[in-house]
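Structure record follows, encoded as structure tokens.
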Amino acid sequence: MSRPTPTRENALTLLKTYNQSESLIKHAFAVEGVMRYMARKYGEDEDVWGVVGLIHDLDYEKFPDQHCKKTEAILNENNWPEDLIRAVVSHGWGICSDVEPVSNMEKVLFAIDELTGLVATSALVRPTRSVMDMKAKSVKKKWKDKRFAAGVDRAIIQKGADMLGVELGDLITDTIMGMREVADAIGLKGDA
């Protein structure tokens with residue numbers, strides 16, 4: 001018997017059970033927004049992609065040294081569907097997981113997780129402090145400066161774009177568009 005897809009409310013409750021950090025919760029909302037946007041673009045179920053985005057870093061605040069592994073255990077305990085658990089675990093591929101992203105949902109999550117951080121940081125140094133008026137070229141300009149958002153692994157983002165068969169600029173544009181939909185929730189509506 002297959003397990004039902006959890007609701008957004010279920011996912012949010014679980015997220016907030018394990019995470020109190022405002023920045024981690026905003027990151028979860030950003031990734032959820034982009035996953036929903038991308039699901040529509042790929043003709044997939046945005047609720048499914050959304051909950052995967054929302055919950056992807058479930059264990060990061062309390063168990064950073066067991067990232068992805070602890071999430072897998074927690075989601076299993078909560079009867080999450082296997083394909084969603086696999087998708088969440090695959091975003092750590094090559095870092096803290098050996099589960100390679102295969103489905104479009106997995107590849108998108110892998111590609112945009114780090115990218116949302118770069119987009120958010122780029123938005124915060126803009127005069128408007130917003131994603132609403134941001135274009136991919138301003139993120140690409142920051143991309144080249146390795147000291148800017150130094151914690152963002154650009155190689156992972158590029159690898160994700162390559163897996164999806166999309167240009168980096170297009171992936172950045174899609175990420176910005178998805179983040180615009182949740183700009184209020186992630187504090188990047190700014191003055192635009």
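Listed values, structure above:
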quantity: Distant-in-sequence amide H partners of VAL166 (H built 1.01 Å from N, under 5 Å); calculated: none
quantity: Computed magnitude of the charge dipole of segment 8-180 (debye, nearest 20; Cβ of K, R +1, Cβ of D, E -1); calculated: 1120 debye
quantity: Fewest-first ranking of GLU72, GLU22, using other Cβ atoms within 10 Å as the exposure measure; calculated: GLU22, GLU72
quantity: Under Karplus coefficients 6.51, -1.76 and 1.60, residue-wise ³J(HN,Hα) of segment 81-98 in Hz, glycine/proline x; calculated: x, 4, 5, 6, 4, 4, 4, 4, 5, 5, 5, x, 3, x, 10, 9, 8, 9
quantity: The chain: most fluctuating residue of GLY94, GLY33, GLY160 per GNM, C-alpha cutoff 10 Å; calculated: GLY94
quantity: The chain, Cα convex hull volume normalised per residue, Å³; calculated: 111 Å³
quantity: Ascending count of other beta-carbon atoms within 10 Å, so fewest first, for ILE186, ILE85, ILE95; calculated: ILE95, ILE85, ILE186
quantity: Gaussian network model of the chain, Cα within-10 Å springs - most flexible of LYS141, LYS26, LYS69; calculated: LYS141
quantity: C-alpha long axis of helix 8-18 to longest principal axis of the chain, angle in °; calculated: 90 degrees
quantity: Calculated FRET value between ARG154 and GLU77, using beta carbons and R₀ = 25 Å, to 0.05; calculated: 0.10
quantity: Protection proxy ranking of 59-65, 37-43 - average other beta-carbon atoms within 10 Å, highest first; calculated: 37-43, 59-65
quantity: Given charges at Cβ of Lys, Arg, Asp, Glu: the chain dipole, positive-most of PRO64, LEU118, GLY178; calculated: LEU118
quantity: Per-selection Rg to Rh, segment 90-157 - Cα, Kirkwood hydrodynamic radius; calculated: 1.03
quantity: LYS135/ASP191 FRET efficiency (R0 25 Å; Cβ-Cβ; nearest 0.05); calculated: 0.90
quantity: Proximal lysines relative to LYS16, as straight alpha-carbon distance under 28 Å, when same-chain residues fewer than 8 apart are discounted; calculated: LYS26, LYS62, LYS69, LYS70, LYS107, LYS189
quantity: Ascending count of other beta-carbon atoms within 10 Å, so fewest first, for ILE25, ILE176; calculated: ILE25, ILE176
quantity: Pairwise label distance in nanometres, THR128 with LYS62, each label 7 Å out on the Cα-Cβ vector; calculated: 3.9 nm
quantity: Residue among LYS70, LYS107, LYS146 with the largest mean-square fluctuation in a Gaussian network model of the chain, springs linking Cα atoms under 10 Å; calculated: LYS146
quantity: HN-Hα J in Hz across segment 33-48 - Karplus 6.51, -1.76, 1.60, θ = phi - 60°, x for Gly and Pro; calculated: x, 5, 4, 4, 4, 5, 4, 4, 4, 8, x, 10, 6, 5, 5, 5
quantity: Derived scalar couplings ³J(HN,Hα) [segment 156-169; Karplus, 6.51 cos²θ - 1.76 cosθ + 1.60; whole Hz; x for Gly, Pro]; calculated: 5, 4, 5, 4, x, 4, 5, 4, 7, x, 10, 5, 4, x
quantity: Under 21 Å from LYS144, Cα to Cα: lysines that are on another chain or at least 8 residues apart; calculated: LYS135, LYS159
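Here, each number is a calculation from the coordinates, and none is a lab measurement. None of these values were measured; they are calculated from a predicted model. As a convention, Cβ positions derive from the backbone with ideal geometry for all residues, glycine included, and neighbour counts pool all protein chains shown.
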